[in-house]
Each structure stands twice: as C-alpha cells, then as structure tokens.
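The values are calculated or read from the model by the stated rules, or taken from the named source; none is laboratory data. Keep in mind it's a predicted model, so treat the numbers as computed, not measured. Using ideal geometry, Cβ is built from the backbone for each residue, glycine included, and neighbour counts are taken over all protein chains shown. Protein only, heavy atoms only, side chains kept; ligands, DNA and RNA dropped before computing areas. Shrake-Rupley method; radii C 1.70, N 1.55, O 1.52, S 1.80 Å.
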Amino acid sequence: MPNPQPTSPGDPLDVEANPQPSSPGDPLDVEANPQSTSDHHRESADPVTDVQPTSPADQPTATADRHTISTRDLQGSSHLTQAPTPSPAVTTDGVAVRLEVLTLGEAMVSIRSKATMRLGGEAHLSVAGSESNVAIGLARLGHRAAWIGAVGNDEPGRLIQRTLRAEGVDTRYLRFSDESFTGFIAFDQPAHDITRVSYHRRGSAGSTLTADECIRAMETSQPHLLHVTGITPALSPETRLASLAAVRAATAAGVQVSLDVNYRARLWSRADAAAALRELIPHIHTVFASDDELDILTDATDPIADLLTSAAEVVVTAGSKGAWSHTTSGTTHRPALPVTVVDSIGAGDAFVAGYLSATLDHLPIPARLERATATGAFCVGAYGDWESLPTREDLTLLAHTHGTALR
C-alpha cells in the first residue's frame, strides 16, 4: 500500500510537536504511598506500571457480528504493523507521562459461562467494560492510555486494578470507594450463537464518577485524545454530568474527542439516550455508531450529513458488511475480515481501539479502517472482551492461511 499522504485539517489527530513542561499538578507529582482518611481514595501512582506501554506493537481493527466475517487480504499491508511515530511527552525525572488517550467509564468484573448459567458448572472470572477494553486495546498496540473510573474497595475492584495495570493501562485516576461496590456482568450462552448478558451494577461505585474527577484528569494528563461512550452517561445523573464535563473540558483544551454510541437498551430508553448524547455531539470530532444507532444522535433524514455539520468524521459499523468512514470529503468502505466468530462481545471496542491507534499514528482513513477491522477480527476469534486483542506483532498473523501451524 502506498505511503499515507498528509491528511486534511481535522481528519487525523493533530498532535503538537513541542509540548510544554508539566505544571506542579502533573500526574506524576504524587506521593509514592499516599495515606487517606476519606471514604474515597485513589491508588498510589506507579510511574513504571502506569505509564510505560506494554509493547511497541500496533494492530488493525475489524467489525463483527455473530456470523462469519467477510473478506479482505492483508498480505502486503505494511502499515498494519509499522511502529508508531513516537509521541512527544512531558517528562518528570526522565519518565514519560504525556498521555495519548484518556477514557472514562465503568469497569466491572465479568463472569462467563459457555452454557446456560442456571444449570451451574464452570465459569470464567475476568474484567469487562467498553472504555477499559479500548484502553487495553490501545496499550497492547503500544500507546499510552489512561482510564478514569471508580471501583469498590473490595476484591473485585482490586482485580480490575490489577488487570488494567498488568495490561499497561495508566490507572492513576482509578478511585476506590468504601461506600459502593464493584459492579459485575454475567454472560451465558443459552444457544450456540446467542450470548445473554445480565447486569448487576445499579448503585455501583462506577456510577459515582464525578465531573470534578474528569475535569481534574483532563487538566493534569493533557491527553492527545479523549474517548467516551454512550454507556457512561446512562449509569446515573452524576455520570451523565461527568461525561458532559469531560468533553467540554477537552474542547476547551483543544483535545479531540471520540464518541462510541454503544446503546444499551437495558440501561435506558432510546429517547433518554438521545437527550443525553445529543448534548455531547457539538464537542465530538469522531463518531462511532452502528447503522441502527444513528437515529439516537439526530432526527435528520440524512443523519450522516447532519452529524458532519459538527463532527469531522462519522464511522459506521455494520457487522459482517464491514465499516464506512464518512467525512465531508467523501466515504470510504472496508469489508470485514474472513474469520470464524467464536464470541462477538467486545468486537466494537476492539474496532474503536484499532481505529484510534491508526489515527494516533497519523494514518489515512483507509488504513485506519483496515487496522480497525483487523483488531475486531482478533477479538471475535476467541472468548472474552479483550483477552485476544492483538499487539502490533500479532497483526501479521492474519496474512497466514486459515489453520496454519507456526512451528
């Protein structure tokens, strides 16, 4: 594929070349072992665990549904695995702290059963959450990503902290609450190609995220990009205000914002979702939505054209049909990849992670879609929200013939 050409203004992320030195409020300017007497406290910051990316690797993305993904040959697509251009970073004592992506939301403990849960049997314990999935995906691709959220001061909350830190996600903004519990989500499979989801999150710590926390994180981290979803504002009035405050703060700071609609009917009605998410739209640079979610964002007969009056890019996913990126310059489509779908949960988050990764690497729209469809393909090929997300080195595996044994 030819080398990507410089992109138009407002298309990929515009990263400043010479960031200013950090202020006294820099996120690394904290005690190594802070003591707290309040009911809500943050973890101690570990510059090594929280800041360093786990891998220089980078990956593509893909859309998915519960059936076979359609076709595209990756052979020769060198941009999928090229190393990211190093982003400038503010340093404190030689430790890079400038974030590329900041995201906020609720992370939960997940329980998965491969059969009907009411019958008992084996279950797998892990971590789930749209925004934390994206953060993990970006970290595996070699980017510096941070997650803002609250968990209970309990063992499930410690599992979330440990998992995110192990995956290289910056968790300095994670808050433990003594007053609320860590939410959890249960997945079971009543039929081979159907996954059933049960939420246990009402009143959870994740629903107590505040606007002040998000504004402080924006001010101290100075990320290149803020990513939000339509899940967080659905959790509580507080998280709705927090989401709005975060995108407003980002806009004021010149930080580009991406929104993944991620509509969840069990959390709120389409009317409630529309009221909340349309407040965010004036601040959004890149919109991610499935083809059946566009009407939540606008009542216009041509939703794409209407959204492009404020957003720079609207990315629409359609499962096995692939994905489309719409800008005022035109529309680009890439089909999904030919993989056998094992579990489609998390595919949308994987797609977003791949797309944002390629955006941060200043790749043109076709390459962004290719990376996104590739990361999605990795996700649906195994069980779990994020466990099979690729590194950059992994991306080359999609060029091998199906069933190949690498010896």
Selection status of Val287, open to solvent by less than 30 Å² (accessible area, probe 1.4 Å), in contact with a Ser or Thr (Cβ under 6 Å, 6 or more places away or on another chain), among the hydrophobic types (A, V, I, L, M, F, W, C) and within 23 Å of Ala353 (Cα to Cα): no
Failed item, numbered, when Phe181 is tested on (1) over 26 Å from Val261 (Cβ atoms); (2) part of a strand (DSSP E or B); (3) of a type in the set (A, V, I, L, M, F, W, C): (2)
Complete set of residues in the range 219-263 that are at pLDDT below 95 and either within 21 Å of Asp292 (Cβ to Cβ) or open to solvent by less than 20 Å² (accessible area, probe 1.4 Å) (or both): Ser221
Boolean, Ala350 is modelled with pLDDT of 95 or more, among the hydrophobic types (A, V, I, L, M, F, W, C) and crowded, with 20+ Cβ neighbours inside 10 Å: no
Positions within the range 295-323 being assigned to a helix (DSSP H, G or I) and open to solvent by 20 Å² or more (accessible area, probe 1.4 Å), in sequence order: Asp295, Pro303, Ile304, Ala305, Asp306, Ser320, Lys321
The range 117-145 residues that are on the phi < 0 side of the Ramachandran plot and part of a loop (DSSP other than H, G, I, E, B), paired with ones that are open to solvent by 40 Å² or more (accessible area, probe 1.4 Å) and at pLDDT 95 or above (beta carbon under 6 Å, 6 or more apart): none
Residues of the range 270-295 satisfying the condition of being touching a residue at least 40 places away in the same chain (Cβ under 8 Å) and among the aliphatic types (A, V, I, L, M): Ala273, Ala276, Leu277, Leu280
Residue match in the range 189-200 (condition: modelled with pLDDT under 95, charged (D, E, K, R), assigned to a loop (DSSP other than H, G, I, E, B) and open to solvent by less than 40 Å² (accessible area, probe 1.4 Å)): no
Residue that is open to solvent by 70 Å² or more (accessible area, probe 1.4 Å), closer than 24 Å to Thr331 by Cα, of a type in the set (Lys, Arg) and at pLDDT 95 or above, where the choices are Arg278, Arg270: Arg278
The listed residue being more than 28 Å from Ala377 (Cβ to Cβ) and without any contact (Cβ under 8 Å) to a residue 12 or more places away in the chain, out of Thr298, Thr309: Thr309
